[in-house]
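The values are calculated or read from the model by the stated rules, or taken from the named source; none is laboratory data. Just so it is clear, the structure is predicted and the values come from calculations on it, not from any experiment. Positions of Cβ are generated from backbone atoms using ideal geometry, with glycine treated the same way; all protein chains shown enter the neighbour counts. Areas reflect the complete protein model, heavy atoms only, side chains present, ligands, DNA and RNA absent. Shrake-Rupley method; radii C 1.70, N 1.55, O 1.52, S 1.80 Å.
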Amino acid sequence: MYEAGLTTSMLLSHAEANHGDTEIVSVDVKGSRERSDWREVGKRSRKIASALEGLGLGQGERVGTIMPNNRSHLELLYAISGCGGIAHTINPRLFPDEIVYIINHAVDKLLFVDPSYIGFLIGHKHLLESTEHFFICGPKENEIAARMNGFKFLQDLIEDGDGHYEWPQLDEDDAAVLCYTSGTTGNPKGVLYSHKSIVIHANIVSLPDSFNLSARDTILPIVPMFHVNAWGMTYASAMVGARLVLPGPNLDGRSIIDLIVEEEATLALAIPTIWEEVLERLNEDPCPLPSLKRIFSGGSAVPPWVIRDFKEKHSVDVLQVWGMTEM
């Protein structure tokens, strides 16, 4: 039997080799949609990983991300853990002092920030004790002002990277991702996920009696990547070769409905309040959802009326999921 470590780079390499042409749609803050595929995501992830090594990122060192669900965030997750670092996804909805605490507690060496959250970076950069490099993950707008603040651009990192970079052989028990709890008493607490645990979780959620994922699906993960790896969808989608629609920062009901209809999503994942708003918009402005087959919702109890309305009015099954950051 061939022995191979279960690592996140294995998942990405599998998607590149077997589902390279499968589309990945990414929405920016202005609502524009960028179209790519698993092959391009793999190539860009390799470039980022090689550039991170060039910056001196060592094995087990943490890299923070303050970003919505978009293509750059997906590429960063695979690049950071693939080269031996630990991807630390940060919840931007926390209070600024909590975010500062989390970054310092994690000892993040680098920080990647979406332009929609740059206000935090400008106001609190001086409080971040361990972070050596700050990257903006959007268009190179106001470049002079950015460089005056000591910020760099992810785009430059990609341009400097090696698209033929070979993923190192990592121990599957090494940490790959770091998430902090936010629903506990006291300060948030860090939870590490190993490469092996991520791959096994991706396999479990893909099974027919779980989320029932396949290459025939178009997955819309509205639940953010800082919330337990978007409930595993960042990795399960690569495992099964599913088409992925990454909604960006605009998560209002109208934007979500448009994505479901226009991108023909077959399943979507979000907390109950999101689905309540979606239903309210659908009641105000009825619209068929022919492609959508099932919804997964968790984080709090799903109201019975949400389950009933989706089933009776739209023929969509709502399945309640449950989990914890530390589980």
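Basic side chains Lys and Arg get +1 at the Cβ, acidic Asp and Glu get -1 at the Cβ, and with that the dipole of the chain about its Cα centre reaches some 220 debye.
Please report the relative contact order for the chain, taking Cα pairs under 8 Å with a sequence separation of at least 6, and give it as a percent rounded to a whole number. Relative contact order here is 18 percent.
Taking every Cα-Cα distance in segment 223-298 and sorting them into 10 Å bins starting at zero, the pair-distance distribution P(r) comes out as 17, 56, 24, 3 percent. Within segment 247-321, none of the GluC sites (Glu not before Pro) combine a DSSP coil assignment with at most 12 other C-beta atoms in a 10 angstrom radius. Compared with the dominant principal axis of the Cα atoms in the chain, helix 96-106 is inclined by about 60°. Projecting the Cα atoms of Y235, L192, C287 onto the dipole axis of the chain, where Lys and Arg carry +1 and Asp and Glu carry -1 at the beta carbon, places C287 farthest toward the positive end. Taking only protein heavy atoms and a 1.4 Å probe, the accessible area of the chain is 51% carbon and sulfur.
For segment 199-327, taking the reciprocal of the average inverse distance between every pair of different Cα atoms yields a Kirkwood hydrodynamic radius of 14.7 Å.
A 1.4 Å probe run over the protein chains yields, for the chain, 44 Å² of accessible area per residue, whole-number rounding. Think of it as helices only: each DSSP H run of n ≥ 4 in the chain is worth -39500 (n - 2.57), and spread over all residues that comes to -11500 deg cm²/dmol at 222 nm. One quarter of the convex hull surface built on the alpha carbon atoms of segment 1-160 amounts to 10.3 nm², the projected area averaged over directions. Taking a ≥ b ≥ c as the square roots of the Cα gyration tensor eigenvalues, segment 1-69 comes out oblate, since a/c reaches at least 1.5 and a/b does not exceed b/c. Beyond 38 Å, what percent of the Cα pairs of the chain remain? Across the chain, Cα pairs with separations above 38 Å total 11 percent.
Out of the DSSP beta bridges found with both residues in the chain, what percent are antiparallel (nearest 5)? Please report the intermediate quantities before stating the final value.
Values: 10 of 45 bridges.
The answer is about 20 percent antiparallel.
Here segment 95-141 is assigned +1 on the Cβ of each Lys and Arg and -1 on the Cβ of each Asp and Glu. Its dipole about the Cα centre then comes out at about 140 debye. Its Cα gyration tensor gives segment 140-184 an equivalent ellipsoid. The semi-axes, each the square root of 5 times an eigenvalue, are 30, 23, 7 Å from largest down. Taking the DSSP bridge list for segment 98-191 and keeping only pairs wholly inside it, about 20 percent are antiparallel. With distances taken between every two different alpha-carbon atoms, segment 83-167 has a Kirkwood hydrodynamic radius of 13.9 Å.
Let me know the shape class of segment 70-215, please: from the alpha-carbon gyration tensor, a ≥ b ≥ c as square roots of the eigenvalues, rounded when a/c is under 1.5, otherwise prolate if a/b is greater than b/c, or oblate.
Working: a/c = 1.86, a/b = 1.32, b/c = 1.42.
It comes out oblate by the Cα gyration axes.
Find how much the distance from A301 to Q59 grows on full extension, using 0.36 nm per residue of separation minus their present alpha carbon separation; answer in nm with one decimal.
Numbers: separation 242, 0.36 × 242 = 87.12 nm, distance 3.91 nm.
Extra length available between A301 and Q59 comes to 83.2 nm.
Could you check which residue among F120, F95, F310 shows the biggest mean-square fluctuation in a GNM of the chain with a 10 Å Cα cutoff? Of F120, F95, F310, the most mobile in the Gaussian network model is F95. Computed about its Cα centre, the charge dipole of segment 68-126 is approximately 80 debye, with only Lys, Arg, Asp and Glu carrying charge at their Cβ. Highest mobility in the GNM of the chain, judged by mean-square fluctuation with C-alpha springs under 10 Å and restricted to G119, G58, G84, is found for G119. With 18 Å as the limit, the listed pairs K125/K189; K125/K152; K293/K313 have K125/K189 beyond it between alpha carbons.
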